[in-house]
1. From the phi angles alone, apply the Karplus equation (6.51, -1.76, 1.60; θ = phi - 60°) to segment 202-208 and give each ³J(HN,Hα) in whole Hz, x where the residue is Gly or Pro.
2. Can you give the extra length, in nm with one decimal, that the chain gains between Gln130 and Ala176 once fully stretched, where that is 0.36 nm per residue apart less the Cα-Cα distance?
3. For the chain, with a Gaussian network of springs between Cα atoms less than 10 Å apart, report the residue from Asp93, Asp208, Asp244 with the top mean-square fluctuation.
4. Roughly how many Å is it from the Cα centre of segment 140-179 to that of segment 237-260, as a whole number?
5. Excluding residues on the same chain fewer than 8 positions from Lys214, give the lysines whose Cα lies under 17 Å from its Cα.
6. Quick one: compute the contact order of the chain, relative version, from alpha carbon pairs under 8 angstrom and 6+ residues apart, as a percent.
7. Which lysines, on any chain, are close to Lys153 with Cα under 23 Å apart, when same-chain ones fewer than 8 places away are left out?
8. Note the full-extension length gain between Glu53 and Val104 as 0.36 nm times their separation in residues minus their Cα-Cα distance, in nm to one decimal.
Amino acid sequence: MSSSSHGFPPRKLPASQSGLRAGANSQDGQKYILVTGSNKGIGRAICQKLLEEHDDVSVFLCSRDVQRGQDAVKDIEKQVAKGKGRLTMIPLDTGSDESVQEAVGIVKQYTDSLYGIVNNAGVLLRGKVQESNNVNYFGPRRVNDAFLSMIPKGGRIVNIASASGPIFVSGCPDPALCQKLSQPWTIQGGLDELDEIASEPTHCRNGDSYGFSKALVSAYTWLLAKDHPDLVINAVTPGYINTDMTQGMGASNPPSKGAVPPVWLLMSQDLESVPTGRYYGSDCKRSPLDCYRGPGDPVYEGPDGK
Ligand SMILES: NC(=O)c1ccc[n+]([C@@H]2O[C@H](COP(=O)([O-])OP(=O)(O)OC[C@H]3O[C@@H](n4cnc5c(N)ncnc54)[C@H](OP(=O)(O)O)[C@@H]3O)[C@@H](O)[C@H]2O)c1
């Protein structure tokens with residue numbers, strides 16, 4: 001797929017404002033990709049990998065904290081010299097409607113079109129169901145709702161889920177909930193019903209708020225893809241990665257490894273001819289929503305037509 005087929009319009013750079021680093025539209029025919037929560041960890045590694053491997057990509061590195069975002073931009077530019085001029089920091093708190101709307105306004109000063117979004121921002125908050133869902137589930141909902149109209153046909157959305165999602169579903173004591181989260185095509189009320197489920201903390205009976213939020217993200221991905229058949233929309237787990245989120249938990253894989261599956265979902269041409277709305281494992285193979293599938297395990301084929 002050539003970058004020009006997405007019709008990204010070159011535009012004159014706006015004056016640098018609120019401490020932002022300009023540059024995402026400094027080259028014609030760029031694919032603009034927005035990555036949330038990318039001031040550190042897997043998100044930052046995704047930004048870096050995109051700039052290293054794809055000269056036709058410009059990245060909006062999003063951070064809820066301006067200083068942390070600017071530091072990350074400087075850091076990446078030091079490591080990827082050719083990324084200079086293709087990396088722009090956008091202040092974005094995915095937990096806040098207002099912040100997301102402000103971010104849309106800022107991004108539109110650079111471009112009218114996005115090639116893709118990676119909903120990476122996430123928190124591991126045990127027991128705090130509402131706070132967890134506000135970032136992990138409603139965060140991607142907000143960001144996608146706000147930016148979807150900027151993504152033309154063929155564009156891509158990657159929602160960062162987790163193996164904790166299928167693990168939550170496999171241990172879920174509520175068969176009706178389990179069915180909805182693992183077979184989202186049975187959710188009669190669509191996204192509204194999923195929002196209601198996400199807003200009701202009592203659904204998370206075992207206290208695994210993180211697994212609940214990530215199961216919601218994968219079910220959401222299927223519903224979103226159904227509503228947008230012209231786009232390539234998938235969920236993925238990055239694998240078990242050593243970041244601030246997993247500190248002290250024994251994860252040893254570096255963030256660069258966690259960036260591999262999301263970048264594959266963003267850039268691979270293999271995905272142009274397969275149905276979307278799927279959940280992929282860290283080995284870039286389709287995985288079920290109701291039980292854990294490890295890297296190298298048999299690939300999940302899914303029910304017919306789903
Ligand atoms: N590490 C793993 O093994 C693993 C496994 C499966 C899935 N994941 C998922 O991968 C994604 C990245 O995680 P990570 O391991 O890289 O964790 P991390 O190092 O803790 O990074 C999380 C990122 O999300 C940002 N963030 C949190 N809340 C936010 C909000 N409300 N608005 C905007 N940004 C926000 C953080 O910003 P601040 O610096 O401002 O806090 C940070 O940039 C998450 O969705 C996580 O659930 C990770």
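The values are calculated or read from the model by the stated rules, or taken from the named source; none is laboratory data. Remember, predicted model here, so these are calculated numbers, not experimental data. Using ideal geometry, Cβ is built from the backbone for each residue, glycine included, and neighbour counts are taken over all protein chains shown. Note: accessible area is taken over every heavy atom of the protein model, side chains too, but ligands, DNA and RNA are not part of it. Shrake-Rupley method; radii C 1.70, N 1.55, O 1.52, S 1.80 Å.
1. 5, 5, 8, 5, 8, x, 7
2. Details: separation 46, 0.36 × 46 = 16.56 nm, distance 2.06 nm.
Contour length minus Cα-Cα distance gives 14.5 nm.
3. It is Asp244.
4. 20
5. Straight-line reach from Lys214, under 17 Å: Lys128, Lys180.
6. Rounded, it is 17 percent for the chain.
7. Lys31, Lys108, Lys226, Lys306
8. On the way: separation 51, 0.36 × 51 = 18.36 nm, distance 2.63 nm.
That works out to 15.7 nm of additional length.
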